[in-house]
Amino acid sequence: MIVGVLFLSIFLNGVVTIKDKRQIVKSIKDRVRHRFNVSVTELDDGRKLKIVHFGFSTVANAGIDIIRVFGKIEDFIVENYGVEIIQSERKLV
């Protein structure tokens, strides 16, 4: 079994209030968790209104499967939320 971890830093376009940010973050976490069957957490202290950091993890028999899922997660977030990924880091253990 291989464990994969994906760290994403995302710039939230159009966010004006903390409430806007919370709604988008919650939606991303819930939809990605259910659609891709991965664990999701926000790695943020909440100080920056337009930037959020996420951690995703999953387990698979092959590393290529994990890499594919992580690519699909990135595409899904960008396409559905109109955000910009400013940093992406993948690790396989």
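A short reminder: the numbers here are calculations on the coordinates, not readings from a lab. As the structure is a computational prediction, the values presented were derived from the model and not from experiment. Note that we place each Cβ from the backbone using ideal geometry, even for glycine, and neighbour counts take in every protein chain shown.
Using every pair of separate Cα atoms, the Kirkwood estimate puts the hydrodynamic radius of segment 2-92 at 13.3 angstrom. Annotation: lysines with alpha-carbon distance below 25 angstrom to K21 (same-chain offsets under eight excluded): K29, K48, K50, K72.
Computed from the C-beta positions of K91 and K29 and an R0 of 25 Å, the FRET efficiency is 0.80 to the nearest 0.05.
Nearest 10 degrees is fine. How inclined is helix 63-81 to the longest principal axis of the chain, computing both from alpha carbons? Relative to the chain, helix 63-81 is tipped by roughly 20 degrees. Once the Cα atoms are used to define both axes, helix 18-36 deviates from the longest principal axis of the chain by about 20 degrees.
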